[in-house]
Structures are given as C-alpha cells and as structure tokens.
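Here's the structure we're looking at; comments come further down.
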Amino acid sequence: MKKILVPCDFSKPAVNAFRFALEIAAREKASVHVLFVTELPVMPATVIIPVMGFETAYVKDITEKAEKEFKALTEKYNVAGVKVLFAFELGSISQKILNFIDTEKIELVIMGSHGASGLKEILIGSNAEKIVRRSPVPVLVVKNYFAGKVTNIVFPNTLETEHQEDLVMKVKALQALFNATIHIVYINTPLNFTSDRVTLARLEAFADRFMLKDYTIDVYNHSDEEEGINLFARKVNAELIALGTHSRKGIAHLVNGSLAEDITNHADSLVWTYTMKNEPVKS
C-alpha cells in the first residue's frame, strides 16, 4: 500500500481518521493525501456584491484557512515524519473524492464520519455513506479516536457463492495489515434461517476454499441482520467490521438499502467496506 486518502473537513471525526491514517502509513511506508472539498454557497442574483467577486473572495479565504489548519494538524500529529500532501477541491464533496481516488491512484480511503440517524439519514445521508457505496477501493470509516491494535476483525458472510473472490482477497490483505484474527459469522435471521450444523459446515468450506488462516467461524441468531452483526462484534471484542457492499443505485438502493451503509452509519467500531466486483446490480 502506497497511497492513503483522508477526506478532511477538520472536524473531530476527520482528525481521528487522519491520525489513524498516519499510524498505518508509518508502518506501511505510505503517503497520506489530505483532501479538503468545499461547495460554493448558493447566492441570489440580486445581492449587492457581484456573485463572481464573492466566489473569488470566498475561495481565497477558505483555502487559506484550510491550509493553515492542515499545517497545524500535520505539525501536531505527524511525529513519525510520514509524507503528507494537501489538496483543495471545489465542488460536490462525494464526487470530488471519487475523482481524486481515480486520478491519484489511491489504494485506501480512511474517512471520519459523525454517522447519521433518523430523518437526516433518510433525506441527506452522509458523505461517508456515499463513498462507501461508490468507491472502487476499500474505505475505512472512523468515528472515534482509535488507539491501540486491531486484533479482531468481524467478517459477516452471507454464504453467497459468486463474486466473493476479490472481496476475500482484500479482507485477507486487511488481516495481514493488522495481523489480526478474522471472525467469520453468519447472522441467522427468521428470513434466511438455516440450521447451525449446515451453516457451520458451509462456513468451514468457505474458509478452506480461500485458504484462510487465524480465523473462527460462528453462527449468531438474531431477528435483525445489522443489529446481529453489531452485537456479535461486541461479543468477540472486535475493533473492526469488514463488509462487502453491493453498490446499489437508484430504485434498487432506495428499496433494498445497503447493510454496509447502515453499519457504517450506526456502528461504534471501525468499519471497512469494499465494493464487490463483477456483480450484477440487483433489482
């Protein structure tokens, strides 16, 4: 891993993400790219100050403030001397982040999130949720400052047989990055119930197929898949939950939602997601 992106608005979660990125970059000898994106405020055409003049002054002011905050942030936390670069973009936050991932060949995105709930989640969502759904590279979402080691990773498994190869390879790389134990778990709900004996055998076959090491297999019974994953993570003291996301769009996304996005918004732990490749969009 050579390039890590931290989208940063200098909020507390963003700073937490930056600090975590520095720790990983120092260990992996990677660079950290800090990207600050802002959208122009909407101005009525009848304002006294010409709109173009306002925009120029606004961009100059906010760029100077962002560069000042970036310098202070780097001086305070980059004690290991990691290579850190700063970039400023103007426009749609999520789209600019996605463009940056592509143009700069980013390999991992680490971003902070306040999470979202209730009406705000339904109407607005979070930028983290949008990146989780659309990013071509893994995204690691940080809410609270994380100090210490990642020793336990929960990897929920749906027992699907297709389109998992790329995801599992990325999870194995994640495990190697932290030298952690993987807890493969199937959440047994009333809607997708199977017997524990059959499920455990299939989970073991899954682990054998992909030659996983240092892992456990578990079945956790709960009425709700998202809550079941979070409760299981607490049970095994997992610091991180790793999930594949389907990258649903349009009506399919609105109707079906996304488990990865819900957990990203609501889980207290670190959440790592990866968009599964070569998967047909479900309707």
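A quick yes/no check of all residues on (1) among the aliphatic types (A, V, I, L, M); (2) in contact with a strand residue (DSSP E or B) (Cβ under 8 Å, 6 or more places away or on another chain):
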| residue | (1), (2) |
| --- | --- |
| Leu159 | yes, yes |
| Asn188 | no, yes |
| Asp208 | no, no |
| Leu231 | yes, yes |
| Ile241 | yes, yes |
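Considered as a group, the residues in the stretch 219-273 that are among the hydroxyl-bearing types (Ser, Thr, Tyr) and crowded, with 18+ Cβ neighbours inside 10 Å include one that is modelled with the highest pLDDT, and that residue is Tyr220. For the stretch 190-199, the set of residues classified as part of a helix (DSSP H, G or I) and closer than 17 Å to Gly228 by Cα consists of Pro190, Leu191, Asn192, Asp196, Thr199, listed by residue number. Criterion first (over 20 Å from the mean Cα position of the chain (by Cα), at pLDDT 95 or above and among the polar types (S, T, N, Q)) does Thr194 satisfy it? Taking the combined requirement at face value, the residue does not satisfy it. Within the stretch 134-182, if we keep just the residues that are among the small types (Gly, Ala, Ser) and part of a loop (DSSP other than H, G, I, E, B), the residue that is farthest from Lys213 (Cα to Cα) turns out to be Ser135. Looking for whichever is farther than 18 Å from Ser269 by Cβ, among the aromatic types (Phe, Trp, Tyr) and either buried (at least 17 other Cβ atoms within 10 Å of the Cβ) or touching a residue at least 60 places away in the same chain (Cβ under 8 Å) (or both) here; the options are Phe178, Phe193, Phe206. Which one fits? Among Phe178, Phe193, Phe206, only Phe206 is farther than 18 Å from Ser269 by Cβ, among the aromatic types (Phe, Trp, Tyr) and either buried (at least 17 other Cβ atoms within 10 Å of the Cβ) or touching a residue at least 60 places away in the same chain (Cβ under 8 Å) (or both). Being modelled with pLDDT under 75 and over 16 Å from the mean Cα position of the chain (by Cα) is a property that holds for Ile48.
This table checks each residue for (1) part of a helix (DSSP H, G or I); (2) modelled with pLDDT under 95; (3) surrounded by 13 or more Cβ atoms within 10 Å (Cβ to Cβ); (4) in contact with a strand residue (DSSP E or B) (Cβ under 9 Å, 6 or more places away or on another chain).
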{"position": "Ala57", "(1), (2), (3), (4)": "yes, yes, no, no"}
{"position": "Ile62", "(1), (2), (3), (4)": "yes, yes, yes, yes"}
{"position": "Ala66", "(1), (2), (3), (4)": "yes, yes, yes, yes"}
{"position": "Thr74", "(1), (2), (3), (4)": "yes, no, yes, yes"}
{"position": "Val82", "(1), (2), (3), (4)": "no, no, yes, yes"}
{"position": "Phe86", "(1), (2), (3), (4)": "no, no, yes, yes"}
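The values are calculated or read from the model by the stated rules, or taken from the named source; none is laboratory data. If you're wondering where the values come from, they're calculated on a predicted model, not measured in any experiment. Here Cβ is always computed from backbone atoms with ideal geometry, including for glycine, and neighbour counts include all displayed protein chains.
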